[in-house]
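Notes for the one structure printed next.
The values are calculated or read from the model by the stated rules, or taken from the named source; none is laboratory data. Because the structure is predicted, anything quoted here is derived from the model rather than measured. Every residue, glycine among them, receives a Cβ derived from its backbone with ideal geometry; neighbour counts consider all protein chains shown.
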Amino acid sequence: MNARTVLRIGGDTPKRRGEDRGRQAREGIARAWKVYEDLFATVAAGASRSVRDLGVPALALRTADATRAWAPELVEEMEGVAEGAGMPFWTIAALNARTEILAEAGASRAGECSTLVRTGDTGTTGGQCWDWHEELADSWHLQTVTGDTRGFAGITEHGILAKIGVNDAGVGVLFNILGHTGDAATGVPVHLVARQVLGTAGSFAEAVALLSAAPVSASTVITVVTADRAASVELAPGGSAVVTPDDRGWLVRTNHFLDPALAAGELRGRREPETYDRHRLLTARVREHTGPLGADALVGLLAAHQDDGAEVCCHAPAGGTLGGRWATLATVAVDPAERRLLVHDGGPCTADSSTWARLTAPTG
């Protein structure tokens, strides 16, 4: 595989960690922002809303205010990123709130991520496809972060503090976007919630408690994995729910709610029911799987296309325009007992034993 950039980010204060990130990723952040600036406008126009009415700077600052009330150190870190990258603060806030802003704009989400986790006597392992816009294929990186309560390793987009990862306490997070009728850009961005788990949670219980209480305004499911436990925490503007593994120890997640109460406000599945197709296909596959869920087994389960019954491994169409060219940008496997993440640059159908980049969470 082509060597993906690895940022080694550190600093003894949030501001200094942010400045370090901003300096190292300056060009990538500017490039990512240009794509998102166009994407926000394209989505708003496609949803028959005035681009002027979307008001991205105001939305970004509103989510930053919500974050400041919940975890002010995250805002300090974003301020550092802005200074290090030489960009206005609101653009960094907008990158970290891209899920919330796209929800506000009325974005459809054809495509998106699929996650598999297995618990049992041999421990917990799992991973996912990360599906996103093909135009952002060069706008993400690997990272290790030190200086917070917990050191962590993972992948994220340029300018966004965290996404998928595992920390030095063996607490890992996997990430699937959901959709709820109440989604908006008023609360703490879900990517910042994931960052807070990775940087502070020392146990499964701490991670689940932090997620369950997070004042979010856009929906997601963050699956927490530790050496001996796993659960998906569904987050929505109206509340949260914890979904535990089935009787065989499996969690299968795509892009719809599984909790009945939260599912009453389901938006994503009503607009794009392919999320149910992916869930059915993966559930059938894991029922037949008997061995451990190592990296090779993971990619075998996730490597499914339309001819298989659902497009788990997503490929962008040759044509199309911004907002409609979805692709699996990365495949990630996590081993929380080893505090290790394996990352393949691309979809599972192109992964083999030689294509994985290996990251281990550093000590905080």
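Ala231 falls short on exactly one of the conditions (1) touching a residue at least 60 places away in the same chain (Cβ under 8 Å); (2) surrounded by fewer than 24 Cβ atoms within 10 Å (Cβ to Cβ); (3) touching a Phe, Trp or Tyr at 6+ places or on another chain (Cβ under 8 Å), and that condition is (1).
Yes or no: the stretch 104-123 includes at least one residue that is assigned to a helix (DSSP H, G or I) and not acidic (Asp, Glu). Yes; the residues of the stretch 104-123 include at least one that is assigned to a helix (DSSP H, G or I) and not acidic (Asp, Glu).
Yes/no per residue for (1) outside any loop (DSSP other than H, G, I, E, B); (2) modelled with pLDDT under 95; (3) in contact with a strand residue (DSSP E or B) (Cβ under 7 Å, 6 or more places away or on another chain); (4) under 21 Å from Leu192 (Cα atoms):
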{"position": "Ala218", "(1), (2), (3), (4)": "no, no, no, yes"}
{"position": "Ile222", "(1), (2), (3), (4)": "yes, no, yes, yes"}
{"position": "Glu234", "(1), (2), (3), (4)": "yes, no, yes, yes"}
{"position": "Ala241", "(1), (2), (3), (4)": "yes, no, yes, yes"}
{"position": "Leu258", "(1), (2), (3), (4)": "no, no, yes, no"}
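Kindly check whether there is at least one residue in the stretch 292-309 that is among the polar types (S, T, N, Q) and surrounded by fewer than 14 Cβ atoms within 10 Å (Cβ to Cβ). Steps first, answer last, please.
Taking the stretch 292-309 as the starting set, the residues that turn out to be among the polar types (S, T, N, Q) are 306.
Remaining after also requiring surrounded by fewer than 14 Cβ atoms within 10 Å (Cβ to Cβ): 306.
Checking the stretch 292-309: at least one residue is among the polar types (S, T, N, Q) and surrounded by fewer than 14 Cβ atoms within 10 Å (Cβ to Cβ).
Against the condition surrounded by fewer than 21 Cβ atoms within 10 Å (Cβ to Cβ), more than 17 Å from Gly11 (Cβ to Cβ), aromatic (Phe, Trp, Tyr) and out of contact with any Ser or Thr (no Cβ under 6 Å at 6 or more places or on another chain), how does Trp140 come out, does it pass? It is false that Trp140 is surrounded by fewer than 21 Cβ atoms within 10 Å (Cβ to Cβ), more than 17 Å from Gly11 (Cβ to Cβ), aromatic (Phe, Trp, Tyr) and out of contact with any Ser or Thr (no Cβ under 6 Å at 6 or more places or on another chain).
Here are Gly269, Gly291: which of them is more than 18 Å from Ser219 (Cα to Cα) and out of contact with any Pro (no Cβ under 9 Å at 6 or more places or on another chain)? Quick ask: steps written out before the conclusion?
Values: Gly269 fails: more than 18 Å from Ser219 (Cα to Cα).
Testing whether each residue is more than 18 Å from Ser219 (Cα to Cα) and out of contact with any Pro (no Cβ under 9 Å at 6 or more places or on another chain) leaves just Gly291.
So that you can scan it fast, the table gives a plain yes or no per residue for (1) of a type in the set (A, V, I, L, M); (2) closer than 25 Å to Thr350 by Cβ; (3) in contact with a Gly (Cβ under 9 Å, 6 or more places away or on another chain):
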| residue | (1), (2), (3) |
| --- | --- |
| His256 | no, no, yes |
| Gly269 | no, no, yes |
| Glu272 | no, yes, yes |
| Asp277 | no, yes, yes |
| Leu282 | yes, yes, no |
| Val286 | yes, yes, no |
| Thr290 | no, no, no |
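Every condition in (1) at pLDDT 95 or above; (2) on the phi > 0 side of the Ramachandran plot holds for Asp308 except the one numbered (2).
Are any of the residues in the stretch 192-199 over 23 Å from Leu342 (Cβ atoms), more than 15 Å from the chain's Cα centre (by Cα) and either among the polar types (S, T, N, Q) or not assigned by TED's automatic domain parsing to the domain that holds Ile29 (or both)? Within the stretch 192-199 (the criterion being over 23 Å from Leu342 (Cβ atoms), more than 15 Å from the chain's Cα centre (by Cα) and either among the polar types (S, T, N, Q) or not assigned by TED's automatic domain parsing to the domain that holds Ile29 (or both)), the answer is no, since none of the residues qualifies. Of everything listed in (1) under 22 Å from the mean Cα position of the chain (by Cα); (2) within 30 Å of Thr363 (Cβ to Cβ), the single unmet condition for Arg62 is (2). In the stretch 310-326, the residue that is nearest to Gly120 (Cα to Cα) out of those that are aliphatic (A, V, I, L, M) and either crowded, with 21+ Cβ neighbours inside 10 Å or free of Cβ contacts under 8 Å to residues at least 24 places away in the same chain (or both) is Val312.
For the stretch 344-361, a tally of residues being part of a helix (DSSP H, G or I) and touching a residue at least 60 places away in the same chain (Cβ under 8 Å) returns 1.
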